[in-house]
Amino acid sequence: MIIRQVLLKEKSRFNALVNHPLQSWEWGKFRERTGCKVIRLGLFEPSTGSEQTKLKAGYQLTIHPLPKIPYNIIYFPKGPMPNKIIINALIKLGQAEKAILVKMEPNVVVDDKKITPDIWKELNLQAGQPLFTKYTFQIDLSKSDEELLAAMKSKTRYNLRLSQKHGVRVVEDNSSKAFETYLKLMKETTKRQKFYAHTPDYHHKMWQILQPAGIAHLLVAKYKNKPLVTWILFTFNKVLYYPYGASTRKCQNVMPSYAMMWEAIQFGKKHNCELFDLWGTPGHNPSPKDPWYGFHRFKEGFGAKLVEFIGTYDLIIDHRFYPLYNLANNLRWKFLRLKTHLPF
């Protein structure tokens, strides 16, 4: 087995192997547009075919410069479980990129029997400050509509039927006009909820890359032809994701978000998705004071399964600066939590 950078001609194979939109080739292209350096490593094995080697796994990483000092942080989100081969490659990469650490958040759930407490010591990793939420809700899209409705909480079913009775209509609209409506509602939502959001420029660049690639889709919930709720959904390797949503307070009595969720489920089924990942939640039994408590209750009402990932781990490259980085980063997160934040 060897590890080397993946070539552009190997893009299709790379995308077929990675298991999350943040690992997709297109997401890397988007992050390059935002100024990040992107590195795609591949694990290759000898091949008996026309190719000398065959790509067996892909790893996409972004390089983030630290302000005021000539050092970087490498971020490895939602990749596979690391092994000693990839750890050794990441150490070499970290040294070449003058990184203090490689922060990794594997797309691996805690009930994976292969993950033991000793594995982190074996891989020389330690728990780190999370960037991405450790928990999410997931809905099994292989279930029938009747099964999905039966799994919902009674209040959720009631609100869904109420939205349908009022005639709330949900459509996919990927036009520029609809996207500007999404940005307008996002501004209203962040002001109302008092949380931090990415800039309009960030969203524009994401949309310009992921929408033409067929990954990003915009759904709009309308009442009397007025947009009330907008969601951006990702479809990638038979999984539907809900990363971004925005809404207005107007006409909340017609329950547009409930109509939106149900139609998003139908959208995923039509696109042959097997799972709907709702992107994040605070975890088990969050406090009503948690800024994400309302989102948690909303998602939970649809009978979604709470899933826990194995968490965030740091591969320390430069032990001299790692404690100082942690101190500065903790202060930064305390500031961001005053406004709350998006996970990446």
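General observations
- DSSP-assigned coil residues among trypsin sites (Lys or Arg not before Pro) in segment 1-97, each with at most 16 further Cβ atoms within 10 Å: K68
- Choice from N237, N124, N285 with maximal GNM fluctuation in the chain (Cα, 10 Å cutoff): N285
- To the nearest 10, the accessible area of F236 is 20 Å² with a 1.4 Å probe.
- Highest-MSF residue in the chain out of H296, H284, H64 [GNM, Cα springs under 10 Å]: H284
- Charge dipole (debye, nearest 20) of segment 212-344; +1 at Cβ of Lys and Arg, -1 at Cβ of Asp and Glu: 660 debye
- For segment 269-299, trypsin sites (Lys or Arg not before Pro) meeting the loop criterion (DSSP other than H, G, I, E, B) and having at most 16 other Cβ atoms within 10 Å: K289.
- Between Y158 and K224, residue separation times 0.36 nm minus the direct Cα-Cα distance comes to 21.7 nm.
- I115-K54 pseudo-label distance in nm [points 7 Å out on the Cα-to-Cβ vector]: 2.8 nm
- Separation of alpha-carbon centers, segment 9-38 and segment 281-316, rounded to whole Å: 26 Å
- The chain, helix-only ellipticity at 222 nm - DSSP H runs n ≥ 4, -39,500 (n - 2.57), divided by all residues, nearest 500: -10500 deg cm²/dmol
- Between segment 229-273 and segment 165-220, the Cα center-to-center distance that results, in Å: 11 Å
- Shape of segment 107-246, Cα gyration tensor, a/c cut at 1.5: oblate
- Sorting L185, L66 by accessible area puts them as L66, L185; the probe is 1.4 Å, largest comes first, and only protein heavy atoms count.
- With the simple model of a label 7 Å out from the Cα in the direction of the Cβ, V38 to R192 spans 3.3 nm.
- Legend: residue pairs K238/K305; K54/K103; K153/K191; K205/K269, Cα-Cα distance threshold 23 Å; pairs beyond threshold, K54/K103; K153/K191; K205/K269.
- Just checking the listed ones, L327, L218, L233: in the Gaussian network model of the chain with Cα springs under 10 Å, the one fluctuating most is L327.
- Span-rule helices in the chain, defined as complete DSSP H runs reaching 20 Å or more along the axis (Cα) with Kyte mean at least -0.5: 256-270
- If the segment from K270 to H204 were pulled out straight at 0.36 nm per residue, it would be longer than the present Cα-Cα gap by 21.1 nm.
- Entry comment: accessible area of the chain is 51 Å² per residue, from protein heavy atoms only and a probe of 1.4 Å.
The values are calculated or read from the model by the stated rules, or taken from the named source; none is laboratory data. Bear in mind the structure is a predicted one, so any value in this text is a computation, not a measurement. As a convention, Cβ positions derive from the backbone with ideal geometry for all residues, glycine included, and neighbour counts pool all protein chains shown. Just the protein is used for accessible areas: all its heavy atoms, side chains included, with ligands, DNA and RNA removed. Shrake-Rupley method; radii C 1.70, N 1.55, O 1.52, S 1.80 Å.
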